[in-house]
């Protein structure tokens, strides 16, 4: 089959692009990834950089595009399982109620999930009130400082390990961090830089601290109880999608700024 250009893919649609850019490997066994015969992909809508709802309420985004491409490669029907928090994605995949998910790589999650290499990298930043004395990321980890994070998010897991003096306060989900922060007398909000920037544009009296406190490697993952071959197949899929330009095209198509294709 003649290869399609990215512009042609934009015209002809994602389904055809997925089938063209993601040709199945000769040793691809659908049962390795999706033993039920349907690829069940959990989509975390709590990270708007990778997934969100469109005007019709349907999940769209980079992770959705990858799920569809994988289903096309496996020649299986796809079932999307949208959730509103990363912790729920982890739970569904770890308990084998979903076959694949999209996660920030973290050693705690790695106890139950086998990760691929990262497909994109995202920055984590801090937000404070305009009158806050904090000027840099290094000033956050101090006694009596209270930092709001989304419960079970990559930032929660990372800052739980890294902060030695500041206290973490957990909002129910990542999209609720800023409203949770503003509704109380907390000192700092932590989250995806682009989400915090968006919230800051509609929330008077706040500002982002310059720079970033972490770089988040976003990967695909499947239950650790699956075979080593399943992990190899999924890892190769992700590497192929980076190498052939699919991930870069998806970021551009969804107008995502601030996230880059992982090396």
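Collect the residues in segment 137-153 that are in a loop (DSSP other than H, G, I, E, B), modelled with pLDDT under 95 and within 21 Å of residue 104 (Cβ to Cβ), keeping them in residue-number order.
Once the filter is applied, which keeps residues that are in a loop (DSSP other than H, G, I, E, B), modelled with pLDDT under 95 and within 21 Å of residue 104 (Cβ to Cβ), segment 137-153 yields 151, 152, 153.
Tally the residues that are touching a helix residue (DSSP H, G or I) at 6+ places or on another chain (Cβ under 7 Å) and either part of a loop (DSSP other than H, G, I, E, B) or closer than 20 Å to residue 193 by Cα (or both), restricting the search to segment 44-72.
Result for segment 44-72: 8.
Take residue 106 and decide whether it is in a loop (DSSP other than H, G, I, E, B), at negative phi and outside the structural domain of residue 251 (by TED's automatic domain parsing).
no
What is the number of the single condition among (1) modelled with pLDDT of 95 or more; (2) farther than 23 Å from residue 93 by Cα; (3) in contact with a strand residue (DSSP E or B) (Cβ under 6 Å, 6 or more places away or on another chain) that residue 259 does not meet?
Failing condition for residue 259: (1).
In segment 75-91, which residue that is crowded, with 24+ Cβ neighbours inside 10 Å and in contact with a strand residue (DSSP E or B) (Cβ under 6 Å, 6 or more places away or on another chain) is nearest to residue 224 (Cα to Cα)?
Per the stated criteria, the residue is 89.
Keeping to segment 73-103, report how many residues are closer than 17 Å to residue 49 by Cβ and outside any loop (DSSP other than H, G, I, E, B).
Qualifying residue count, segment 73-103: 7.
Only one of (1) farther than 19 Å from residue 230 by Cα; (2) in a strand (DSSP E or B) is not met by residue 134, so which one is it?
For residue 134, the failing item is (2).
Could you please find all residues in segment 92-105 being within 22 Å of residue 160 (Cβ to Cβ) and crowded, with 21+ Cβ neighbours inside 10 Å?
93, 101, 102, 103, 104
Residues are listed down the side, and each one gets a yes or a no for (1) assigned to a helix (DSSP H, G or I); (2) more than 28 Å from residue 234 (Cα to Cα); (3) in contact (Cβ under 8 Å) with a residue 24 or more places away in the chain:
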site: 118; (1), (2), (3): no, no, yes
site: 121; (1), (2), (3): no, no, yes
site: 127; (1), (2), (3): no, yes, yes
site: 155; (1), (2), (3): yes, no, yes
site: 159; (1), (2), (3): yes, yes, yes
site: 165; (1), (2), (3): no, yes, yes
site: 168; (1), (2), (3): no, yes, no
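Answer yes or no: is there a residue in segment 39-53 that is at pLDDT 90 or above, at positive phi and either surrounded by fewer than 22 Cβ atoms within 10 Å (Cβ to Cβ) or not assigned by TED's automatic domain parsing to the domain that holds residue 155 (or both).
For segment 39-53, residues at pLDDT 90 or above, at positive phi and either surrounded by fewer than 22 Cβ atoms within 10 Å (Cβ to Cβ) or not assigned by TED's automatic domain parsing to the domain that holds residue 155 (or both): absent.
In segment 206-252, how many residues are surrounded by fewer than 19 Cβ atoms within 10 Å (Cβ to Cβ), more than 20 Å from the chain's Cα centre (by Cα) and assigned to a helix (DSSP H, G or I)?
Summing the residues that are surrounded by fewer than 19 Cβ atoms within 10 Å (Cβ to Cβ), more than 20 Å from the chain's Cα centre (by Cα) and assigned to a helix (DSSP H, G or I) in segment 206-252 gives 3.
Can you tell me how many residues within segment 177-195 are in a loop (DSSP other than H, G, I, E, B) and crowded, with 18+ Cβ neighbours inside 10 Å?
2
Could you pull out the residue among 59, 48 that is free of Cβ contacts under 8 Å to residues at least 40 places away in the same chain, more than 21 Å from residue 239 (Cα to Cα) and touching a strand residue (DSSP E or B) at 6+ places or on another chain (Cβ under 8 Å)?
59
The values are calculated or read from the model by the stated rules, or taken from the named source; none is laboratory data. If you're wondering where the values come from, they're calculated on a predicted model, not measured in any experiment. Here Cβ is always computed from backbone atoms with ideal geometry, including for glycine, and neighbour counts include all displayed protein chains.
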